[in-house]
Amino acid sequence: MGGADPAGPVLDRDEVDRALARLGAEHEAIETSLLALQDHAGRRLLEGARLTGVTQERWAAAEASITLLWAYFDAYTAALRSAREIRARRRWSSREDLVELTGLLRGESVTVPGSAAAAANAPALTGAGRLSHSFSLAALVDRMNELYASSLDLVVAADAVWSALPARIDLLAAELQRTRRLAHSVGVRPGEHPAGDDLERITRTLTGLREQVVSDPLAYWAPAQGSSAPGGGRPDTTVYDREARALEEVRREIDAVLGVRQDAEQRLIRLRDVLSRADRTLAEARTARGEVLAKIAATEVPVVSGPPTVLQEQLATAAEYRRQAQWHRLSPLLESLEQKAEDELLRARESLTAVTAPLAVRAELRGRLDAYRAKVTRHGLAEDPLLVERYDAARRMLWSAPCDLRVAEQAVLRYQRAAAELLGTARVPRQGGPRDDDGRGES
């Protein structure tokens, strides 16, 4: 059994002409692409850069691919030229010419010397040790497309990183320098303030990042998932974004320190005023405590503490920081003092409320007694002997010093109940009220 012809049926003249036209268009497109790749800014930068890391490794392979790509293109050009010369021999090609053209256009007619593939490391090509490799024109085009796509992908990725990151890093570095000068003007320096240490760390990180991006751009490239287009992806700005956020935080802290410099005097005045109000409130509480002890009997009155001297000392320190223009130290101290001063004023007010609570109870009992007195008076019962007796007893207790609040409350409740019985109203609730001398609640 004879072997099958690998080129298939012999092409006729029209098929040959169409094939040559298609191959000519492909040749022109490939040449245009190769020249564009040769002139690509990213490729020129890669050729001239001192590369390191993953970029160095991948660019070495890509250079080999580009060298092999030109070798393939030269072989493709030579094969196409030979086919065109055979077709140009006669207007009406002979059977022998068509057989030869069919072999050229469809068979593995293009031979690339093994030395060319070896010199280019023959990426992804099996049998690299062979003396030569044969391709059909279609297979050679596919192979060139693969090498072109992988090479272009690397070049575009590196160029995209170089176009994006170094410029952004430089802008951020310029902003960093402005922030450093501003920080120094308000005393924020390394070793003296956390923000100063942060500025030093950001400076070191940005310097190292720029060097790495320039020498190894592909280390900062994030390929797009599922994308097969050359250069599909984006520059990886994770480190840059982190340092940009850190610088923004430092800048806000510097702005806060600047704000302190601008309104420090007003804030100190407000602090003195709050602490003064707290002191006056505590003084009022101490005076009220003496009054309560003198006027109210059998009552536990809370002790009123004096103003904390530590706040006054810290206030004096803050004033000294302002005089010495130590704004970075004044800023956190003022914030702490403002909160402590408000807490101290609240404590003083609570102390005054706790101390004067017995006087408030006495005032409430007095008001309740007078209200019931007015009520029975409106009903013409004010002169009832029982009511007069119980009113006078309650009044003596409430308007005498020291006043026993428990006994006075019992007297007011007795008056209320007596008034309620005479007025025919409902029974007055005990409200946890006093008990008679025999230990039973009043009826």
Query raised in the report: What's the number of the condition Val257 fails, among (1) modelled with pLDDT under 80; (2) assigned to a helix (DSSP H, G or I); (3) more than 45 Å from the chain's Cα centre (by Cα)?
Result: (3)
Report summary line: Within region 208-217, the residues that are open to solvent by less than 30 Å² (accessible area, probe 1.4 Å) and without any contact (Cβ under 8 Å) to a residue 40 or more places away in the chain are Gly208
Requested in this report: Please verify whether region 123-145 includes one or more residues that are in a helix (DSSP H, G or I), of a type in the set (S, T, N, Q) and either open to solvent by 30 Å² or more (accessible area, probe 1.4 Å) or modelled with pLDDT of 75 or more (or both).
Outcome: yes
Report summary line: Conditions (1) exposed (fewer than 15 other Cβ atoms within 10 Å of the Cβ); (2) within 12 Å of Leu140 (Cβ to Cβ) -> Glu108 fails only (1)
**Report entry** Flag for Ala401 being exposed (fewer than 13 other Cβ atoms within 10 Å of the Cβ), within 30 Å of Asp279 (Cα to Cα) and touching a residue at least 24 places away in the same chain (Cβ under 8 Å)
**Finding:** yes
Query raised in the report: Which one of the conditions (1) at pLDDT 80 or above; (2) surrounded by fewer than 18 Cβ atoms within 10 Å (Cβ to Cβ) does Ile30 fail to meet, given that it meets all the rest?
Result: (2)
**Report entry** Condition met for Glu313 (without any contact (Cβ under 8 Å) to a residue 12 or more places away in the chain, over 30 Å from Leu275 (Cβ atoms), among the charged types (D, E, K, R) and not in a loop (DSSP other than H, G, I, E, B))
**Finding:** no
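Residue-wise test of (1) hydroxyl-bearing (Ser, Thr, Tyr); (2) farther than 30 Å from Arg180 by Cβ; (3) outside any loop (DSSP other than H, G, I, E, B); (4) under 33 Å from the mean Cα position of the chain (by Cα).
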position: Ala219; (1), (2), (3), (4): no, no, yes, yes
position: Asp241; (1), (2), (3), (4): no, no, yes, yes
position: Arg245; (1), (2), (3), (4): no, no, yes, yes
position: Glu249; (1), (2), (3), (4): no, no, yes, yes
position: Thr281; (1), (2), (3), (4): yes, yes, yes, no
position: Thr287; (1), (2), (3), (4): yes, yes, yes, no
position: Val292; (1), (2), (3), (4): no, yes, yes, no
Requested in this report: Would you please name the residue that is surrounded by the fewest Cβ atoms within 10 Å (Cβ to Cβ), looking only at residues in region 264-319 that are modelled with pLDDT under 85 and of a type in the set (Lys, Arg)?
Outcome: Lys295
Query raised in the report: Within region 173-207, how many residues turn out to be open to solvent by 20 Å² or more (accessible area, probe 1.4 Å), of a type outside the set (Asp, Glu) and closer than 16 Å to Arg242 by Cβ?
Result: 6
Requested in this report: Count, please, the residues in region 73-113 that happen to be among the hydroxyl-bearing types (Ser, Thr, Tyr), modelled with pLDDT of 80 or more and within 60 Å of the chain's Cα centre (by Cα).
Outcome: 2
Report summary line: Across region 48-102, the tally of residues that are hydrophobic (A, V, I, L, M, F, W, C), part of a loop (DSSP other than H, G, I, E, B) and in contact with a helix residue (DSSP H, G or I) (Cβ under 8 Å, 6 or more places away or on another chain) stands at 3
Report task. Residue by residue through region 44-60, note down the ones that are at pLDDT 90 or above and open to solvent by less than 50 Å² (accessible area, probe 1.4 Å). Result -> Leu46, Leu51, Gly53, Thr55, Trp59
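The values are calculated or read from the model by the stated rules, or taken from the named source; none is laboratory data. It should be emphasised that the depicted structure is a prediction, and the values quoted were computed from it without experimental measurement. Here the Cβ is made from the backbone with ideal geometry for all residues, glycine too, and neighbour counts use every protein chain on show. Accessible surface is based on the protein model in full, side chains and every heavy atom, while ligands, DNA and RNA are left aside. Shrake-Rupley method; radii C 1.70, N 1.55, O 1.52, S 1.80 Å.
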